[in-house]
1. So if I take the alpha carbon set of the protein assembly as shown, get Rg, then get Rh from the Kirkwood formula, what is the Rg over Rh ratio?
2. Fewest Cβ neighbours within 10 Å first, please rank B:Ser82, B:Ser41 accordingly.
3. Averaged across the residues of B:44-56, what count of C-beta atoms belonging to other chains lies within 10 Å of each residue's C-beta?
4. Cα-Cα over 25 Å: which of A:Lys41/B:Lys38; A:Lys54/B:Lys38; B:Lys3/B:Lys70?
5. In a shell of Cβ-Cβ distance under 15 Å around B:Val110, excluding B:Val110 itself, what net charge do Lys and Arg (+1) and Asp and Glu (-1) give?
6. Normalising by the residue count of chain B, find the relative contact order in percent from Cα pairs under 8 Å and 6+ residues apart.
7. Among the GluC sites (Glu not before Pro) in the range A:38-87, which ones are in a DSSP loop with at most 16 other Cβ atoms within 10 Å of the Cβ? Mind listing them?
8. Kirkwood Rh, Cα Rg: Rg to Rh for chain A?
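Derivation of every value follows stated rules applied to the coordinates shown; laboratory data play no part. What you see is a predicted model; the values in this text were computed from it and never measured. All Cβ positions, even for glycine, are placed from backbone atoms using ideal geometry, and neighbour counts span all protein chains on display.
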Amino acid sequence: EAGVTQFPSHSVIEKGQTVTLRCDPISGHDNLYWYRRVMGKEIKFLLHFVKESKQDESGMPNNRFLAERTGGTYSTLKVQPAELEDSGVYFCASSQGRNPYGYTFGSGTRLTVV
Amino acid sequence: AQKITQTQPGMFVQEKEAVTLDCTYDTSDQSYGLFWYKQPSSGEMIFLIYQGSYDEQNATEGRYSLNFQKARKSANLVISASQLGDSAMYFCAMREGIHMRFGAGTRLTVKP
């Protein structure tokens, strides 16, 4: 079984540019989550999809962040325009139901805004 | 809101010795779950161990055990017989609804 895949693994962009992160969850997992870790701080929840619907987007920092999950499969997280404080590691996770052992993270995308 | 506290930004341990990574939490929920994840330098988040709030016994998974003290609201991770490959960031987390709340992490370095 393939795990949660995130692309790219690293991205360096200039302030004001746009970046799109992609997450492919485990096949069949209806729940998809985005988290991020800003340098030296805790990992924070951004949002949660159930299939293609946004279930909870309370963690999205501002309207420069847009997440989509077309067709309930892969998800994208777009940052437009990027700011310096957006630098960090963006994690995606997926799960099928509330099974704690089924909550699987991807390897993350390290975003650096310069 | 729930809160997870990891007071040790960094820890060192000699290879083959045991190490305890601290985690305290704050919640008003009666039913909750606690997790530990390992993040090696390669970046992925690896699930290590889970403790349910109603579990009477401390969780164990191989060399990992969770010292769960419910009254103190602590869920410390114990790694026995440390190996060089255990060097990584370790995150304590609590399920909050259907998503997770994490601590700031502890960087563990195993010395040969």
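1. Across the protein assembly as shown, the Cα-based Rg/Rh ratio is 0.97.
2. Least to most surrounded, the residues fall as B:Ser41, B:Ser82.
3. Mean number of neighbouring Cβ atoms from other chains: 3.
4. Table pairs above 25 Å Cα-Cα are A:Lys54/B:Lys38.
5. Result for the neighbourhood of B:Val110: +2.
6. 37
7. Passing sites in the range A:38-87 are A:Glu52, A:Glu57, A:Glu83.
8. Rg/Rh for chain A comes to 0.95.
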